[in-house]
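The values are calculated or read from the model by the stated rules, or taken from the named source; none is laboratory data. Note that the coordinates shown come from a computational prediction; the quantities given were computed from them, not determined experimentally. Every residue, glycine as well, gets a Cβ built from its backbone with ideal geometry; the counts of neighbours run over all protein chains shown. With ligands, DNA and RNA removed, areas are computed over all heavy atoms of the protein, side chains included. Shrake-Rupley method; radii C 1.70, N 1.55, O 1.52, S 1.80 Å.
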Amino acid sequence: MSFDVSKIRQEFPILSTRVGQKPLVYLDNAATTQKPRAVIDALESYYTETNANIHRGVHFLAEKATAAYEEARGVVGKFLNAARAEEIVFVRGTTEGINLVASSFGNKFIAEGDEVIISAMEHHANIVPWQLLCEEKGAHLKVIPADENGELEMDAFDQLLSDKTKMVSVVHASNALGTINPIKSIIDKSHAVGARVLIDGAQAVGHFPVDVQKLNCDFFVFSGHKLFGSTGVGAIYGRFDLLESMPPYQGGGDMINEVTFEKTTYKEPPGRFEAGTPNIAGVIGMARAIEYLENLDRALLLQHEEDLLHHATARLNEVEGIKIYGTSKNKVSLVAFTLEGSHPHDMATVLDADGIAIRAGHHCTQPLHSRYGITATARASFAFYNTREEIDILTESLKKIQLLFA
Amino acid sequence: MSDLLQLYQEIILRHNKNPRNYGRPGSFPHCASGHNPLCGDQVTVYWSVDGSCLSDIHFESQGCAISRASASIMTELLAGKTTEEASALYEEFSAALKNQGEEPSLGEGFGELVALSEVRKYPSRIKCATLAWQALLEGDF
Ligand SMILES: Cc1ncc(COP(=O)(O)O)c(C=O)c1O
């Protein structure tokens, strides 16, 4: 079976947008992905046929909404190959997921003098929550360095690990470089010293299948909107016994067994961590996005994305003065680059006039950019609905920019 | 590209490539930095005050063409002006950029800065055009 990208594109209504006179070339998928018709329809049908609050009503719609919400938990659990659906906690996204683990797990299990290890290529969302925790507890934050190719220095990681290490929190695939980190090895080494591991999977799940049992990670976090679902929703996978041992994150409705003014008892996971009315429609939409993805041949999608990455790397290297950041052999399909004489912001503005959407800036990874002595890059990031032709349009536009600012 | 050529006018491209008064002077009584957290752009402005007038204005930046050109033009435009005059110019410049309505009329006294008035069509870039000004006028005197 061959991969028919034009057929796929028809399922994403926004891809036929025109920007002025030009067709939209959407190459900002690492920031957020576009949504297929199946997801848009699911959101609409939720609000036209199902909407009610969950876990508290006994009426027809409440039962229906609760069933759909819990069914979505099962879909996400299967998607990550969790041992059971109760290992999935719904949150607002990766950021909230990491904050939840840092706050709840950290509060209970991280103490003065303990160490938390992150890496040089973390998104601010996987830096700041740990910094806050370490400040509060008097714990120490250690950083696995990255080399010139944008790969983690695993020897240095070995040196950092010790019996003081309580948590290792690293990104699966870097949003700024594309690097896919050797997380299986990171997980095994961390476990060997008794540390827990959180994987920031924000840039992973939309590109390749993930099996949390095979990886044997303790926590895995991702956002629905980078997985062709809507914004404001995401999930944590947490091993059940760990979740069970952790205190609540926020207090409120829906996370309790019994409340008196003297004492409150909490639900079992995942309910304990889902205080208040969640993004019900978003959760259901995310499940439809996952089903959409799983109904496609993911091996073919990956092959297509790898072809896009190779094509983009080759074509962009034709542009005079270009420098690509992140040259690991293991990459998701994105290319971060600078162009001599032209700042990423100016590039993004000129590309926009050609209908091309890319991201310019530090991509919420300022420490990584400092590591390479730069403040910003331009980033073209691909999804399976992108085409070689779009990359050619990008290349031609960059050649014009090179001349404009030369 | 035609709209863009108005944004990236010759004057702006020239100042971007060969900015005036670029680099850190040997001595400088005053300096202030501006930072745009959105994109990581950074500018540092150095200056002296001669009597009541600004003088010897220099800058360094890691930023886009818009922010470099604006800083470069600023170093020339504000030299010899009092801080009150400088603030008044900035107020008018900044109001013109934020004016989404009719064409702004930056006339007399704005010199090459007029080339930057197109930035108002690109709201996300306005901060780039005002970064150095904010550093100088709202920074530490
Ligand atoms: C690697 C990585 N981690 C975390 C995040 C934060 O995700 P969200 O903003 O959806 O919470 C992102 C999104 O940019 C990301 O790319």
Taking A:Leu61 as meeting all but one of (1) within 16 Å of the ligand (Cβ to nearest atom); (2) assigned to a helix (DSSP H, G or I), write down the number of the exception. (1)
Please verify whether A:Val143 is within 16 Å of the ligand (Cβ to nearest atom), at pLDDT 95 or above and open to solvent by 40 Å² or more (accessible area, probe 1.4 Å), treating the condition exactly as stated. yes
Name the one entry in B:Glu118, B:Glu112, B:Glu102, B:Glu108 that is more than 13 Å from chain A (Cβ to nearest Cβ) and assigned to a helix (DSSP H, G or I). B:Glu112
Among A:Thr66, A:Thr48, A:Thr32, which is hydroxyl-bearing (Ser, Thr, Tyr), touching a helix residue (DSSP H, G or I) at 6+ places or on another chain (Cβ under 7 Å) and open to solvent by 10 Å² or more (accessible area, probe 1.4 Å)? A:Thr32
Scan A:Glu268, A:Glu305 and give me the residue that is in a helix (DSSP H, G or I), out of contact with any helix residue (DSSP H, G or I) (no Cβ under 6 Å at 6 or more places or on another chain) and touching a residue at least 24 places away in the same chain (Cβ under 8 Å). A:Glu305
Of (1) modelled with pLDDT of 90 or more; (2) open to solvent by 60 Å² or more (accessible area, probe 1.4 Å); (3) assigned to a loop (DSSP other than H, G, I, E, B), B:Pro25 satisfies every one except (2)
Quick one: which of B:Leu38, B:Leu5 is in a helix (DSSP H, G or I), hydrophobic (A, V, I, L, M, F, W, C) and surrounded by fewer than 23 Cβ atoms within 10 Å (Cβ to Cβ)? B:Leu5
Name the residue, out of A:Ala31, A:Ala83, A:Ala52, that is more than 25 Å from A:Glu274 (Cβ to Cβ) and outside any helix (DSSP H, G or I). A:Ala31
If you go through the stretch A:231-257, how many residues are open to solvent by 20 Å² or more (accessible area, probe 1.4 Å) and either more than 20 Å from A:Glu86 (Cα to Cα) or in a loop (DSSP other than H, G, I, E, B) (or both)? 11
Residue check: is B:Glu92 surrounded by fewer than 20 Cβ atoms within 10 Å (Cβ to Cβ) and within 14 Å of the chain's Cα centre (by Cα)? yes
Is there a residue being within 14 Å of the ligand (Cβ to nearest atom), open to solvent by less than 10 Å² (accessible area, probe 1.4 Å) and in contact (Cβ under 8 Å) with a residue 24 or more places away in the chain anywhere in the stretch A:70-85? no
Within the stretch A:394-406, how many residues are under 18 Å from B:Asn16 (Cα atoms) and surrounded by fewer than 19 Cβ atoms within 10 Å (Cβ to Cβ)? 5
A:Val212 being within 21 Å of the chain's Cα centre (by Cα), in contact (Cβ under 8 Å) with a residue 24 or more places away in the chain, surrounded by 15 or more Cβ atoms within 10 Å (Cβ to Cβ) and within 16 Å of the ligand (Cβ to nearest atom): no
Among residues of the stretch A:340-373 being without any contact (Cβ under 8 Å) to a residue 40 or more places away in the chain and of a type in the set (A, V, I, L, M), the residue nearest to the ligand (Cβ to nearest atom) is A:Ala360
With out of contact with any Leu (no Cβ under 7 Å at 6 or more places or on another chain), outside any loop (DSSP other than H, G, I, E, B), within 14 Å of chain A (Cβ to nearest Cβ) and of a type in the set (S, T, N, Q) as the only criterion, which of B:Ser67, B:Ser61 stands out? B:Ser61
Open to solvent by less than 40 Å² (accessible area, probe 1.4 Å) and either over 23 Å from the mean Cα position of the chain (by Cα) or more than 16 Å from the ligand (Cβ to nearest atom) (or both): does that describe A:Gly138? yes
Give the stretch A:178-194 a look and list any residue that's touching a Leu at 6+ places or on another chain (Cβ under 7 Å) and either outside the structural domain of A:Val76 (by TED's automatic domain parsing) or of a type outside the set (S, T, N, Q) (or both), or say none. A:Gly178, A:Ile183, A:Lys184, A:Ile187, A:Lys189, A:Val193
On the basis of being surrounded by 17 or more Cβ atoms within 10 Å (Cβ to Cβ), part of a helix (DSSP H, G or I) and either within 14 Å of chain A (Cβ to nearest Cβ) or aliphatic (A, V, I, L, M) (or both), does B:Val43 make the cut? no
In the stretch A:91-130, the residues that are within 16 Å of the ligand (Cβ to nearest atom) and touching a Lys or Arg at 6+ places or on another chain (Cβ under 7 Å): A:Ala120
Test: residue in the stretch A:35-50 that is under 25 Å from A:Ala360 (Cβ atoms) and either more than 14 Å from chain B (Cβ to nearest Cβ) or away from the ligand (no atom under 16 Å from the Cβ) (or both): yes
Scan the stretch A:370-393 for residues that are open to solvent by less than 10 Å² (accessible area, probe 1.4 Å) and under 16 Å from A:Leu339 (Cβ atoms) and report the count. 6
Residue that is small (Gly, Ala, Ser), within 13 Å of the chain's Cα centre (by Cα), assigned to a helix (DSSP H, G or I) and crowded, with 17+ Cβ neighbours inside 10 Å, where the choices are B:Ser87, B:Ser72: B:Ser72
Among the residues of the stretch A:189-205, count how many are open to solvent by 10 Å² or more (accessible area, probe 1.4 Å) and more than 10 Å from the ligand (Cβ to nearest atom). 6
Please enumerate the residues belonging to the stretch A:316-356 that are more than 14 Å from chain B (Cβ to nearest Cβ) and among the β-branched types (Val, Ile, Thr). A:Val319, A:Ile322, A:Ile324, A:Thr327, A:Val332, A:Val335
Which listed residue, of A:Val171, A:Val221, is near the ligand (Cβ under 10 Å from one of its atoms), open to solvent by less than 10 Å² (accessible area, probe 1.4 Å), under 25 Å from A:Gln366 (Cβ atoms) and free of Cβ contacts under 8 Å to residues at least 60 places away in the same chain: A:Val171
